[in-house]
Amino acid sequence: MNLRTAQSDFNQEENVIVVTSYPEVVGKSLSNISGVATYSFHMLPSFTALLNKSDRNLIIIADKIGGKNSHRLENENSLLLRVWQRKSLGVFREILNAIGKFTKVKKILFHFEFNMFADAYVTGLLPWYLFILKLRGKEVTILMHQVVEDLSNLSGHLNIKRGSLRMLTLSFLLNTYTKLLCLSSSKIIVHDEVLKQRLKKIVKKEVFVVPHGLGEYTHVADQNTSREHLEIKKSKFVVLCFGFLTWYKGSDWIVDEFINYFKRTKDTSVQLILAGGKSATLSGHSNYDAYYDSLVNKVLAYPTIKITGYIPESEVKYYYGASDIVVLPYRFQMSASGPFSIGLSMERPFLLSENLKGVLYTEDIKYAMEEFNLNERDLLFKLEDRSFFAKIIKLINNKREITTLKKLSTQISKERQWKKVVNKFLYILDA
């Protein structure tokens, strides 16, 4: 199908446009990887199937691969247009032009994450482009993958001194930008209740909470198979931290915890796997590159810590399957956690830093915790003391507690399947 014919066929009022980063399938793996790209890859098949039930189609406005425009039918109900170039000065103009080809389509789901489109200066223009879409009669629902109210919580991530004039100025500008972003959209969606409450402090506008969907990993490898595949001894207690290595995710914190524990005890039975590599959106920033290189070099002398680098999609199930516990040692919750959602999808037990306790306030998790008689103390650890390894040792000695945590994940997973979650997205878009 040529582009002009495709645009004509998909230019119907009942259809939906999604603006997002989107990966490319290469063999059995994905390229053009970022958090939002992977998210959309797993969400959109279920969303397309839901639209198809009422004879509606999906138009995906995505980023270019290799700097080239392209188009194709993902299936008979989904048109993928790769039209915008990340880090380009004209990125939003390219998106606006593509949307303009579909004059009859009114409903747009617009994914937003910092560094997803361009640098801070170009990203600052986005609200004005959204206002233009609003003037053209488009209904833009923005899915905010990240919400940050106070940048001082990210001082180490940004390499800016906490409380400095620069930090205060940037926080003010960020809140102003967030307010404009919300005002320029018709509706706002976030994934966690804590993110909604942050936004409510910035802008007086209704914010919808839709949990991060699950279900992309349906074939979970059992622990013995996974350990054999990854050459991990059955006797090890494996702690998994999955995803790109960054300061705000506490990658360096948990490395230091394991180093200090090994120095104190010489215990080699507890192993840390940092299953991830460089952040695609942060790579190339000098302070981040130095952070990552320092982390990789630091662990070389310690046999209980492994940094894997990038994990192909086909290998993800083995790393989760091999783990005894999935740990998220975040310093700050900037967004819903993809690694946490994958862990739920694979029904793995988990522990969270206290900085992620807002995750537990989302309704489905609250109900599941009550069902299994669990409280925050059972699921959280502090970064400021030695409570982390105290919990790990407790779990090693109490298999029943790990079983309960696994049951919790299983229960949450049932409620967050993509086939259920996309109904909530469509309800909000159509309301």
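So which lysines can residue 205 reach, going by Cα to Cα under 16 Å and dropping same-chain residues fewer than 8 places off? Residue 205 reaches 179, 187, 196. Expressed as an acute angle from 0 to 90° and rounded to the nearest 10, what is the orientation of the C-alpha long axis of helix 193-202 relative to the principal long axis of the chain? For 193-202 against the chain, the angle is about 60 degrees. Residues whose amide H comes within less than 5 Å of that of residue 78, counting only those at least five positions distant or on another chain, are 58 (H built at 1.01 Å from N in the peptide plane). In straight-distance terms, cross-link reach from residue 64 covers every one of the lysines whose alpha-carbon lies under 16 Å from its own, apart from those fewer than eight places away in the same chain; here that gives 87. For residue 266, a cut-off of 22 angstrom between C-alpha atoms picks up these lysines, skipping any fewer than 8 places away in its own chain: 233, 234, 236, 298, 306, 391, 394. Rounded to the nearest 0.05, the FRET efficiency derived from the C-beta distance between residue 378 and residue 423 at R0 = 35 Å is 0.65.
Calculated on C-alpha atoms, the gyration radius of the chain divided by its Kirkwood radius gives an Rg/Rh of 0.96.
In this calculation the C-beta distance from residue 267 to residue 297 is compared with R0 = 22 Å, giving a FRET efficiency of 0.45. Inter-label distance, residue 220 to residue 366: 2.6 nm, where each label sits 7 Å from its Cα along the C-beta direction. In this structure, residue 401 and residue 200 have a Cβ-Cβ separation that, at R0 = 35 Å, corresponds to a calculated FRET efficiency of about 0.45. Helix 91-100: angle to the longest alpha-carbon principal axis of the chain, degrees 0 to 90, nearest 10? So the inclination is approximately 50 degrees. Quick check on region 26-107: take the gyration tensor over C-alpha atoms, sort the square-rooted eigenvalues as a ≥ b ≥ c, and tell me if it's rounded (a/c under 1.5), prolate or oblate. Verdict is oblate for region 26-107.
Within the shell defined by Cβ-Cβ distances under 14 Å, the residues around residue 72 carry a net charge of -1, with Lys and Arg each +1 and Asp and Glu each -1.
Residue-wise HN-Hα couplings along region 114-124, as the Karplus relation 6.51 cos²θ - 1.76 cosθ + 1.60 with θ = phi - 60° gives them from phi, are 4, 6, 6, 9, 6, 6, 4, 5, 6, 4, x Hz; Gly and Pro carry x. Each of 356, 321, 135 was placed along the dipole of the chain (beta-carbon charges, centred on the mean Cα), and the one lying farthest toward the positive end is 135. Considering only 417, 405, 62, the residue lying farthest towards the positive end of the dipole of the chain is 62, judged by Cα position with unit charges set on Cβ.
Between 0 and 90 degrees, the angle of helix 126-135 with respect to the longest Cα principal axis of the chain falls at about 40 degrees. In this rough spin-label picture, where each label sits 7 Å from Cα along the Cβ direction, the residue 354-residue 430 distance is 4.5 nm. Between residue 410 and residue 68, the modelled label-to-label distance comes to 4.8 nm, taking each label 7 Å out from Cα in the direction of the beta carbon.
When the square roots of the Cα gyration tensor eigenvalues are ordered a ≥ b ≥ c, the ratio a/c for region 158-241 is 1.5 or more and a/b does not exceed b/c, which makes its shape oblate. When region 223-415 is described by a simple charge dipole with +1 on each Lys and Arg Cβ and -1 on each Asp and Glu Cβ, the residue from 269, 372, 291 located farthest towards its positive end is 269.
Placing +1 on the Cβ of every Lys and Arg and -1 on the Cβ of every Asp and Glu, with no other charges, gives region 338-419 a dipole of roughly 340 debye about its Cα centre. Counting only helical runs of four or more DSSP H residues, what would the 222 nm mean residue ellipticity of the chain come to if each run contributes -39,500 (n - 2.57) and the total is spread over all its residues? Value at 222 nm, helices only, nearest 500: -13000 deg cm²/dmol.
Under the convention that each Lys and Arg Cβ holds +1 and each Asp and Glu Cβ holds -1, the size of the dipole of region 209-356 around its Cα centre is about 380 debye. Taking 0.36 nm per residue of separation and subtracting the current Cα-Cα distance, fully stretching the chain between residue 234 and residue 168 would add 18.8 nm. Once a ≥ b ≥ c are taken as the square roots of the eigenvalues of the Cα gyration tensor of region 223-415, is the result rounded (a/c under 1.5), prolate (a/b larger than b/c) or oblate (a/b not larger than b/c)? Taking the square roots of the gyration eigenvalues as a ≥ b ≥ c, region 223-415 is rounded.
Rounded to the nearest 20, the Cβ-based charge dipole of the chain about its Cα centre (Lys and Arg +1, Asp and Glu -1) stands at 480 debye. Shown in residue order for region 304-314 are the 3J(HN,Hα) couplings computed by the Karplus curve 6.51 cos²θ - 1.76 cosθ + 1.60 at θ = phi - 60°: 8, 10, 9, 9, 8, x, 4, 9, x, 3, 5 Hz (x for Gly and Pro).
Each value in this text was obtained by applying a stated rule to the coordinates, not by laboratory testing. Just so it is clear, the model here is predicted, and its values are computed rather than measured. All Cβ positions, even for glycine, are placed from backbone atoms using ideal geometry, and neighbour counts span all protein chains on display.
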